[in-house]
1. Does the range 263-280 contain any residue that is of a type in the set (Asp, Glu), touching a Ser or Thr at 6+ places or on another chain (Cβ under 7 Å) and closer than 25 Å to Ile333 by Cα?
2. Quick one: Glu332 ticks every box in (1) at pLDDT 95 or above; (2) in a strand (DSSP E or B) except a single one, so which number is it?
3. Hey, does the range 293-314 have a residue that's farther than 30 Å from Glu125 by Cα, among the charged types (D, E, K, R) and under 32 Å from the mean Cα position of the chain (by Cα)?
4. Of Val133, Val120, Val148, which residue is in a strand (DSSP E or B) and touching a Gly at 6+ places or on another chain (Cβ under 7 Å)?
5. List the number of the failed condition for Ala340; all other conditions in (1) modelled with pLDDT of 95 or more; (2) over 45 Å from the mean Cα position of the chain (by Cα); (3) not β-branched (Val, Ile, Thr) hold.
6. Among the strands (runs of 3 or more DSSP E) confined wholly to the range 180-271, which include 1 or more residues that are free of Cβ contacts under 8 Å to residues at least 40 places away in the same chain?
7. Looking only at the range 57-101, count every residue that is under 21 Å from Ser147 (Cβ atoms) and either among the hydroxyl-bearing types (Ser, Thr, Tyr) or in a loop (DSSP other than H, G, I, E, B) (or both) and tell me the total.
Amino acid sequence: MSWNKGQCLLVLLPALVFAIPYGSKVDELYSNDDYDKEYENGGDKEEVAVMGTPEFISEPKKAMVNVGDTLRLPCIVDRLEGFVLLWKKNTDIITVGSQIINKADSRIKLEEEQNGNYLVISLAEEADGGEYVCQISAYKPTELKHSVEIRVEPVIKLTPESGLLTVKEGDSATLQCDITAGNPTPEIIWRRRERMMPNGEEEIAGSIISFNQVNRHHSGHYICSADNGFGPQAVTAEIKLDVQHKPTVEQEQTFIHTGAGDQTEVVCVVHASPHAKVTWLHNGQPIDTGNSLVNQRGNKHTLMLVDINDESFGKYTCKAKNELGEDERTTEISGKAHEATIKSESQSSHASQYKLEWTAKSKSPITVFKIQYKLKNDATWKESKVAASSLEDNFYVGHHEFKNLKSAAIYEVRIASENQFGYNSYGKEFEFATKGAVYPVQSPSVSSAPSSLWKSSALVVVSVLTLFVAMA
């Protein structure tokens, strides 16, 4: 910075004027010998006023100011009469007294107080950071120092810059988020929009995230956020990761039970990139896709069936295909009853008898149940028929007591239900055992096997072990 003569005088004048009378003590202005000699010669002692250096009331501060905000620094002393305050930034003089040196910078102002002032800098810039000193113009200058840091909003650079990364399933993928500006340097956090990260974490710290052998579950919008306190919210940028793969079809139901005149819908969810073409088949034959009852919302595809009749029943296939492959899933729609649910325990308390109870759901009335049973590992089934009894909410119940069974044996049983659409397929085989069987075979369909069954079986095992020990 160059100074003209006027500026030099302006700076030096306060020190020249006030340094001697107010910055020195009496013993610095007059020697004790001269003073005592004058007193001995009959002179009168005159009182000499001593004005000490003012003391700062303001405390030094560390200020953090956002770019564009106003910086306000205090310099207040206990008394100012006869002294001048001077502001410096690092080694450059900003103000002397009430005069601003760099008048070209209209951002700089002084707010005068009775015993000091405030240095005010509006529209703060990054270059305004540094050390600010308020100095008292005394023989021995006294200083008050403030440290100022200017906070700069982060600026993010993404790689890829387009914000879209497209890779094939099985390839690797790298997302990068660099900070090109920002003070203090912010921490970088990655999150995924509306979902957890692929490894189950909510967020990952760091500028780079990499995935090896990506699949469709890695697809999504990844958000990079940088926060250094500049604003109420972090600065963010987003990269979409598109993992291209062949379609995957998921179905909500594999079997839909309905009745004549009813309305139902078949739903499948298709995951595919690029987008897949979805077609519907009924018993292997294409359904007209121009039908208004075929709908799509996002990756959810729906086939609506109204006024169900005999021709409506059958197998409906949702088939999806793109350039990378295809997939399909099938749902059966039937008026036949649901599979029967066994309610009985699997262990009989009798050696030759067993009581079996079950329920089945059907919108059309169930008239009869067909029961097949046999000894486990036998090839031939025996068959009985049982009349159905109606319960509420389209449920029907049946029960049958087996007699003349083999003691300590395991049996298998299966049930089919008949309504106006005929018999449904036999359900899964259920195993039960007569009294004396060593091991429990299975639990009923709706409850766990009782603890007494396990206790009785354990007792048998312990008894056998005890017998072996005694024989040894």
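1. yes
2. (1)
3. Yes: one or more hits.
4. So the residue among Val133, Val120, Val148 that is in a strand (DSSP E or B) and touching a Gly at 6+ places or on another chain (Cβ under 7 Å) is Val148.
5. (2)
6. Filter on the range 180-271 gives 187-192, 208-211, 220-227.
7. Count: 12.
Yes/no matrix, rows are residues, columns are (1) surrounded by 17 or more Cβ atoms within 10 Å (Cβ to Cβ); (2) within 30 Å of Pro184 (Cβ to Cβ); (3) without any contact (Cβ under 8 Å) to a residue 12 or more places away in the chain:
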residue	(1), (2), (3)
Phe83	yes, no, no
Trp87	yes, yes, no
Asn117	yes, yes, no
Val120	no, yes, no
Asp128	yes, yes, no
Tyr139	no, no, no
Thr142	no, no, no
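The values are calculated or read from the model by the stated rules, or taken from the named source; none is laboratory data. Everything numeric in this text was worked out from a predicted model, so none of it was measured. Note: ideal-geometry Cβ built from the backbone for every residue, glycine included; neighbour counts use all protein chains shown.
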